[in-house]
Each structure stands twice: as C-alpha cells, then as structure tokens.
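All remarks here apply to the structure that follows.
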Amino acid sequence: MADARSNINVEKDIRELVAEILETDPGEIDGAANFVKDLGMDSMMALELLAAIEKKYRIVIPEDTLPKFTTLNQTVKIVQDILNKK
C-alpha cells in the first residue's frame, strides 16, 4: 500500500492537513515555509498535525521526530520515509 502512494499525493494530503489546522488556503502554503516562524503554527497545532498524519496513514511517528516537522517539504519527506518502511 505504501508504495502505491506517490510523493505528490502525500504532499497534497499533508498540505491540506496543514491548511486545515492553520485555517488557510492550501495554495498559500509554501513548501519551504517554516511552520512556526513563517506560518504561525504553535506547539498544539504541531501536535494536532502529528495526530492527523498518524490517523490518516495509520502510522506511528516517534515523538522525537516532531521537532523535525519544520516545513511542509520536510514533513512530507519524513512521512514518505515512514510509509516506505511500512
């Protein structure tokens, strides 16, 4: 199943989750924009994003990985790596 999901779909899904949490348009989220500094995400929003990703993909993301979720591009890469190992 994980191999069937392309990077593009994962990126689109996570972009939509981030937009929902930040209450913004998905098209306004730059893949390289820092969640905290550029988009105003706080720690509760970050946890909400983590939980939403885990639920959507039925994966467990190690808690120590959360600080690495700094941009959309980085988050997509981490999730894709976990899905590829699944």
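No lab work stands behind these numbers, since they all come straight from the coordinates. Here the structure is a predicted model, which is why all the values come from computation and not from measurement. Reconstructed Cβ throughout: ideal geometry from the backbone, glycine too, with neighbour counts over all protein chains shown.
Below, the figures for the structure above:
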{"read-out": "Glu54 surrounded by fewer than 13 Cβ atoms within 10 Å (Cβ to Cβ) and out of contact with any Leu (no Cβ under 6 Å at 6 or more places or on another chain)", "value": "no"}
{"read-out": "Test: residue in the range 53-70 that is closer than 21 Å to Asn9 by Cβ, touching a residue at least 40 places away in the same chain (Cβ under 8 Å), out of contact with any strand residue (DSSP E or B) (no Cβ under 9 Å at 6 or more places or on another chain) and not in a helix (DSSP H, G or I)", "value": "no"}
{"read-out": "Counted residues, the range 11-49 - those being under 16 Å from Val76 (Cα atoms), without any contact (Cβ under 8 Å) to a residue 24 or more places away in the chain and either assigned to a loop (DSSP other than H, G, I, E, B) or touching a helix residue (DSSP H, G or I) at 6+ places or on another chain (Cβ under 6 Å) (or both)", "value": "3"}
